[in-house]
Amino acid sequence: AMYYDSNSGIWNGTKFEHEVNKKLVRSKEKYVLINMNIARFRFVNDIYGRNKGNEVLKIFAKKLKEIFVQQDEFYGTLWADYFVILKKYTNEKEIEILFDKFVQDFQIEAEKVCSFRFVVKAGAVISDKNKPETFSALLEKANHAVNTIPDPFESQIIFFNDTMAKEIEDLKLVDKNMIQSFKNQEFQPYYQPKYDINT
């Protein structure tokens, strides 16, 4: 039970990370990590209640397995409506076709539970078999890709690219510089007094 999501019965983040790290180290194949979530999922819980929301997540997990997962490929859930897949990589077009089919099938099944127009956001990153990366490094990239999707009205999958890699490096540099500047006491605080007229 420690390794499984209590609602959908599939691997949780801990188990998924463990298995994916093993696979990435051993395998010489190229993989794609796909991170998916349902846009505005909290509305489903708010409008239809948590039980219906949980049913929707079970359908999501079932469809992921049916459409994406072949032998030696993995899927799991990180939390709530955040799901991950590790799949052997062929080409972007094939992944996009599978994604479109998934979204269609999921919508048909899920709207039997609640009449909601589901929108799925997905970020994908291709592993580099010459220098194996950890799950968390790949997930950071897949997350970055997903976060570049503006609040969508259509389901969409985005692949991590060089521009995004540069953005991540820049953000890390800003962080590093800020910490160093803080240590060097280069920040100058200005305080604004707050007054209460009555007192």
Selection count where residues are out of contact with any Pro (no Cβ under 6 Å at 6 or more places or on another chain) and surrounded by 19 or more Cβ atoms within 10 Å (Cβ to Cβ), scope segment 21-36: 6
Unmet requirement for residue 51, which otherwise passes all of (1) closer than 16 Å to residue 5 by Cα; (2) surrounded by 15 or more Cβ atoms within 10 Å (Cβ to Cβ): (2)
Considering only residues that are hydrophobic (A, V, I, L, M, F, W, C), in a strand (DSSP E or B) and out of contact with any Ser or Thr (no Cβ under 8 Å at 6 or more places or on another chain), look in segment 16-59 and name the one that is farthest from residue 88 (Cα to Cα). 38
With the first residue restricted to segment 51-75 and required to be farther than 15 Å from residue 34 by Cα, and the second required to be assigned to a helix (DSSP H, G or I) and among the charged types (D, E, K, R), Cβ contacts under 6 Å at 6 or more apart or on different chains are 59/109
Whether any residue in segment 48-60 is under 18 Å from the mean Cα position of the chain (by Cα) and either acidic (Asp, Glu) or modelled with pLDDT under 95 (or both) is what I want to check. no
Name the one entry in 158, 168, 179, 95 that is open to solvent by 50 Å² or more (accessible area, probe 1.4 Å) and either of a type in the set (A, V, I, L, M, F, W, C) or closer than 24 Å to residue 40 by Cβ (or both). 179
Touching a strand residue (DSSP E or B) at 6+ places or on another chain (Cβ under 7 Å) and among the charged types (D, E, K, R) - does that describe any residue in segment 45-58? no
Scope segment 62-98; condition under 14 Å from the mean Cα position of the chain (by Cα) and either modelled with pLDDT under 95 or not β-branched (Val, Ile, Thr) (or both); matching residues: 64, 75, 76, 78, 79, 80, 81, 82, 83, 86
Residue 73 - would you say it is surrounded by fewer than 19 Cβ atoms within 10 Å (Cβ to Cβ) and in contact with an Asp or Glu (Cβ under 9 Å, 6 or more places away or on another chain)? no
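The values are calculated or read from the model by the stated rules, or taken from the named source; none is laboratory data. Predicted model only: the values in this text are computed from it and were never measured. Here Cβ is always computed from backbone atoms with ideal geometry, including for glycine, and neighbour counts include all displayed protein chains. All accessible areas refer to the heavy atoms of the entire protein, side chains included, with ligands and DNA or RNA removed. Shrake-Rupley method; radii C 1.70, N 1.55, O 1.52, S 1.80 Å.
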